[in-house]
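Let me begin by presenting the structure, written as structure tokens, before commenting on it.
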Amino acid sequence: MPLYEYECIKCRKNIEDSVKKLQKKIDPETVSNLVEKYDNIHYIEVTDLGKNKTLAKHGSRDRDGIELDFYINEGNTRVLFNTKRYRFAELIYDKDDEKNLKCYCGETKQIERVVSSFAYTHDLSTNMPKPDLSNLPPEVRARTVISDYIEEKDRPKKNR
């Protein structure tokens with residue numbers, strides 16, 4: 001009985017299309033139209049990281065939603081989405097169980113199995129790779145800190 005992860009293609013495509021539109025034009029009207037157009041997007045905030053200034057925002061954050069960050073304009077602009085969860089995990093007992101999957105948005109047909117992030121992170125005995133910050137603008141990189149601190153829950157259990 002394997003645990004698989006799935007993504008709703010429709011929900012993911014809405015986010016991808018929104019990022020593409022924001023790469024072309026960033027203004028309050030565009031952001032507002034995107035939140036109104038896609039029902040799985042609750043909130044969008046666009047920030048100029050160099051000036052540390054909010055360029056546009058619309059909608060309201062949902063506590064049960066997830067937040068996704070995208071960086072556009074060569075890493076100088078951050079687009080924050082608060083959206084419904086479109087990635088979920090399911091225990092599959094039988095091959096037919098995959099036909100009955102349902103996204104949080106209600107979609108049942110456009111769902112695909114994806115590579116499980118759990119499969120790559122369940123062994124905490126090895127150090128996780130750190131992200132490469134070299135492609136970020138210097139002013140953003142200067143404000144970004146990645147420490148070696150490991151939370152208590154993620155530390156290996158000591159032999160007793």
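Which FRET efficiency value, to the nearest 0.05, do you get for Q23 and R87 by plugging their Cβ-Cβ distance into 1/(1 + (r/R0)^6) with R0 = 30 Å? All intermediate terms of the calculation are to be shown ahead of the outcome.
Working: r = 23 Å, r/R0 = 0.77.
For R0 = 30 Å, the calculated efficiency reads 0.85.
Answer rounded, prolate or oblate for segment 6-57, using the Cα gyration tensor with square roots of eigenvalues a ≥ b ≥ c: rounded when a/c is under 1.5, else prolate when a/b is larger than b/c, else oblate.
Numbers: a/c = 2.18, a/b = 1.82, b/c = 1.20.
Cα axes put segment 6-57 in the prolate bin.
Please give every one of the aspartates and glutamates within straight-line cross-link reach of K51, meaning a C-alpha to C-alpha distance under 18 Å, and leave out same-chain neighbours fewer than 8 residues apart.
The reachable aspartates and glutamates, counting only those whose Cα sits under 18 Å from K51, are D27, D69, E74, E139.
State which entries of K10/K95; K84/K109; K25/K57; K25/K109; K21/K57 exceed 20 angstrom in Cα-Cα distance in the structure shown.
Long pairs (Cα-Cα over 20 Å): K10/K95; K25/K109.
Going highest first, how would you order 31-43, 135-147 by mean Cβ packing within 10 Å? Walk me through the intermediate numbers first.
Values: 31-43: 18.1, 135-147: 10.4.
Final packing ranking: 31-43, 135-147.
Quick query: amide H of H42 versus all other amide H atoms, modeled in the peptide plane; which residues come in under 5 Å with a sequence gap of 5 or more or a different chain?
Here N82, T83, K84 satisfy the definition.
Only the coordinates and a few stated rules stand behind these numbers; no lab work does. All of these numbers come straight from a predicted model, not from anything done at the bench. With ideal geometry, Cβ positions are generated from the backbone for all residues, glycine too; neighbour counts draw on all protein chains shown.
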